[in-house]
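Inspection log for the structure reproduced underneath, given as C-alpha cells.
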Amino acid sequence: VDYIITLHDAWWICPRQFMITSKGKYCNQYILDENKCKKCIGDNFEYTKRQYELSKRLKKAKLLLAPSQFFADLHNVNEVSDKKVICNKNGINLPLKMVSKSISNKIRFGYVGGNTPIKGIHLILEAFKNIKDNDVELIIVDNLINLGSHSFSECMVSDITNCKIVPAYNQDSIDEFFSEIDVLLFPTQWKESFGLTVREAIS
C-alpha cells in the first residue's frame with residue numbers, strides 16, 4: 001500500500017517531539033547532532049533503534065509533506081530520506097464576513113496553546129499574577145473541555161484578578177472568539193512548524 005507521511009512537528013527527527021530538552025528548553029539545533037540527541041534522552045540504544053525504524057518508514061513513503069517551507073527545509077537538511085520533503089502549506093479558513101470587534105472596557109488577552117511550558121503558559125500566568133488592574137482580562141482556551149476533561153484547573157488561575165477559561169473554538173465559532181479578544185499571546189519557545197493560531201488571528 002502506498003502511503004504519504006505528513007511532518008507536522010519534529011517527531012520524526014526528535015524523540016522529544018518538539019526539540020525541547022529534558023530541562024524544558026529549546027535545543028536550538030538546525031542540523032541535528034546525533035550525540036547531543038542521544039545525551040538528551042539519555043539512552044543511546046533507544047535513540048539509535050528509534051531513528052533506524054523511523055528512517056525505514058520515511059524512505060518507503062511515496063511522498064513526504066511538511067506544513068511550511070521552514071519545516072520542509074529542516075527535514076531536508078537533516079536528510080530524513082532520499083526523497084525531497086515538499087511544502088504543503090496548511091490552509092486556514094478566512095473569516096466568513098468582516099468581524100466586528102465586541103466592545104469591552106477591558107483589554108482582553110487570549111491564550112490558545114495548551115497547558116505546557118513548550119507554549120510558554122508558565123510565563124503568562126506568572127506575568128498576570130502581578131497585574132491587579134481591573135481593566136485587563138486573560139482568556140485561556142482549554143482544548144480538553146469539549147472532550148469532557150480539563151487541561152487547566154481553576155486553582156491555577158485563582159490569584160489572577162480577571163481570568164476565565166473557555167472551551168476550544170471550532171471553525172463555526174472561530175470568528176466569534178477572535179472578535180472577543182484584543183491581543184493574542186503566543187510565547188512558544190520552539191520554532192513552530194506552521195503557527196496556525198497566529199495566522200488565524202492575523203486573518
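The values are calculated or read from the model by the stated rules, or taken from the named source; none is laboratory data. In this text the structure is predicted, and so the values were computed from the model without any measurement. Quick reminder, even Gly has a Cβ in these numbers, built from the backbone with ideal geometry, and neighbours come from all protein chains shown. For accessibility, only protein heavy atoms count, side chains too; no ligands or nucleic acids. Shrake-Rupley method; radii C 1.70, N 1.55, O 1.52, S 1.80 Å.
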Check: Within segment 177-190, can you find the residues that are part of a loop (DSSP other than H, G, I, E, B), at pLDDT 90 or above and open to solvent by 40 Å² or more (accessible area, probe 1.4 Å)?
Finding: GLU180, ASP182, PHE186, PRO187
Margin query: Among the listed residues VAL166, VAL183, VAL112, identify the single one that is over 28 Å from GLN69 (Cα atoms) and of a type outside the set (Asp, Glu).
Written below: VAL166
Next item on the list: Give just the number: which of (1) open to solvent by 30 Å² or more (accessible area, probe 1.4 Å); (2) under 18 Å from the mean Cα position of the chain (by Cα); (3) of a type in the set (Asp, Glu) does ASP142 not satisfy?
Entry: (1)
Item checked: Selection within segment 191-200 - of a type outside the set (Asp, Glu) and open to solvent by 40 Å² or more (accessible area, probe 1.4 Å) -> LYS191, LEU196, VAL198, ARG199
Notebook entry, point to check: Restricting attention to segment 1-12, and to residues there that are part of a loop (DSSP other than H, G, I, E, B) and touching a helix residue (DSSP H, G or I) at 6+ places or on another chain (Cβ under 7 Å), which single residue is farthest from PHE70 (Cα to Cα)?
Noted result: TRP12
Notebook entry, point to check: So, in segment 114-139, of the ones that are part of a helix (DSSP H, G or I) and in contact (Cβ under 8 Å) with a residue 40 or more places away in the chain, which residue ends up most open to solvent (accessible area, probe 1.4 Å)?
Noted result: LEU123
Next item on the list: Could you please give the count of residues in segment 146-176 that are open to solvent by 50 Å² or more (accessible area, probe 1.4 Å), at pLDDT 90 or above and part of a helix (DSSP H, G or I)?
Entry: 1
Next item on the list: Sort through ILE4, ILE13, ILE41 and tell me the only one that's touching a strand residue (DSSP E or B) at 6+ places or on another chain (Cβ under 6 Å) and at negative phi.
Entry: ILE4
